[in-house]
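The structure under discussion appears below in the form of structure tokens.
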Amino acid sequence: MLAAIGACLDRQVSRISVRLPRSLAESAVAAWNREELGGIGEESREEFELRDDAAELAWIGLAISERGVRDGEEVVVDLDVVEVAAALQAAR
């Protein structure tokens, strides 16, 4: 049922314009630019979740580097609704 609702919403919502403090935006871009060395071995559930959060942060960094606009001490960027949802979920 949740997936069906998501499919309906996906057609209605794509990107949301958000403002982030410049320091957070720069950290997200740094996460995108970070080089990953080595492969992924056996990992615990917690390690998997941490790596998944890092990947979401990197996607936000990519969006900021491609379409972010500085506005004083903030950066304005249109983020995909999935990226916004991931950040909100991480804050809980």
Next item on the list: Run GLU36 past the list (1) out of contact with any helix residue (DSSP H, G or I) (no Cβ under 7 Å at 6 or more places or on another chain); (2) in a helix (DSSP H, G or I) and report the number of the one that doesn't hold.
Entry: (2)
Margin query: On the basis of being farther than 24 Å from GLY6 by Cα and among the hydroxyl-bearing types (Ser, Thr, Tyr), does SER17 make the cut?
Written below: no
Margin query: Six or more apart or on different chains, Cβ atoms under 7 Å: show the pairs whose first residue is in the range 66-92 and surrounded by 12 or more Cβ atoms within 10 Å (Cβ to Cβ) and whose second is of a type in the set (Phe, Trp, Tyr).
Written below: GLU83/TRP59
Notebook entry, point to check: Could you list, in sequence order, the residues of the range 1-39 that are over 15 Å from the mean Cα position of the chain (by Cα), of a type in the set (Gly, Ala, Ser) and closer than 18 Å to VAL82 by Cβ?
Noted result: ALA3, ALA4, GLY6, ALA7
Checklist line | Flag if SER17 is at negative phi, assigned to a helix (DSSP H, G or I), out of contact with any His (no Cβ under 6 Å at 6 or more places or on another chain) and hydroxyl-bearing (Ser, Thr, Tyr) | finding: no
Margin query: I want to confirm something. Restricting to the range 33-65 and keeping residues that are surrounded by 12 or more Cβ atoms within 10 Å (Cβ to Cβ) and among the basic types (Lys, Arg), which single residue is modelled with the highest pLDDT?
Written below: ARG34
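The values are calculated or read from the model by the stated rules, or taken from the named source; none is laboratory data. All figures in this text were calculated on a predicted structure; none of them were measured in a lab. Using ideal geometry, Cβ is built from the backbone for each residue, glycine included, and neighbour counts are taken over all protein chains shown.
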